[in-house]
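Worksheet: the structure to be examined is printed underneath.
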Amino acid sequence: MKHRVLLTVMSVLSTLLFSIHVMDDMVHGFDRVGPQNAFGILILVVWLYGALVSVERRSGLIIVLLGGIFAAGVTMLHLRGAVVTSREFALSPGAFRFLWTLWALGTTGIFSVILAARGLWSMRAARIEAS
C-alpha cells in the first residue's frame, strides 16, 4: 500500500474515532453541548482537508501530523483522569465503547504522526537531493 494512501486512511479513521469520542464525552457529561462545539467541527474539517485534499503537499502533512498529535494527546489526557480510571465509570453503560475509541484513537493518531513525519522527511530528502 502506498504511504500516502495509508496516511489518508489512518487520518480519516482518526477523525471518525475522534468524532465518536467527542459524542461519548458529551453523553457521559465530560463535555457540554452548545455553540462551543462549532470549534471542534472546524478542527475536524481542517483535519479532513489535510488528509483528503492536500496530503501530497507539505501543508497537508503538517495538518495531519498535528491532528495525530492532537488525537494521541486527547487519549493520554483522558487515560490519566481519575473519572475514567474509576471502577464506577468502568461499570457504567457505554464505558467499553468510550475506552475502546480512546485506545483506537491513540493508536491511529500515533501511527498518523509516524507516517506524516516520514512523509515530511521524504520531502526534505528529495528537496536536498534535487539541489
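The values are calculated or read from the model by the stated rules, or taken from the named source; none is laboratory data. All values reported here derive from a predicted model rather than from experimental measurement. In this analysis, Cβ positions are derived from the backbone assuming ideal geometry, glycine residues included, and neighbour counts consider all displayed protein chains.
Of all the listed residues (Ala104, Ala90, Ala126, Ala72), the sole one being within 25 Å of Val27 (Cβ to Cβ), modelled with pLDDT under 90 and out of contact with any Pro (no Cβ under 7 Å at 6 or more places or on another chain) is Ala90.
Here Ala38 clears all of (1) closer than 30 Å to Ser122 by Cβ; (2) without any contact (Cβ under 8 Å) to a residue 24 or more places away in the chain; (3) surrounded by fewer than 16 Cβ atoms within 10 Å (Cβ to Cβ) except the condition numbered (1).
Met10 fulfils the conditions (1) closer than 18 Å to Gly81 by Cβ; (2) of a type outside the set (Lys, Arg); (3) within 17 Å of the chain's Cα centre (by Cα) except for a single criterion, (1). Under the condition of being assigned to a loop (DSSP other than H, G, I, E, B) and either free of Cβ contacts under 8 Å to residues at least 12 places away in the same chain or under 14 Å from the mean Cα position of the chain (by Cα) (or both), the residues counted in the range 52-105 number 9.
I'd like the residue in the range 5-19 that is touching a residue at least 12 places away in the same chain (Cβ under 8 Å) and surrounded by fewer than 16 Cβ atoms within 10 Å (Cβ to Cβ) and, out of all such residues, is nearest to Val64 (Cα to Cα). Before the answer, list the steps.
Filtering the range 5-19 for residues touching a residue at least 12 places away in the same chain (Cβ under 8 Å) gives 6-8, 10-15, 17-19.
Applying the additional criterion that residues be surrounded by fewer than 16 Cβ atoms within 10 Å (Cβ to Cβ) yields 6, 19.
Working: Leu6: 12, Ser19: 16 Å.
Within the range 5-19, the match that is nearest to Val64 (Cα to Cα) is Leu6.
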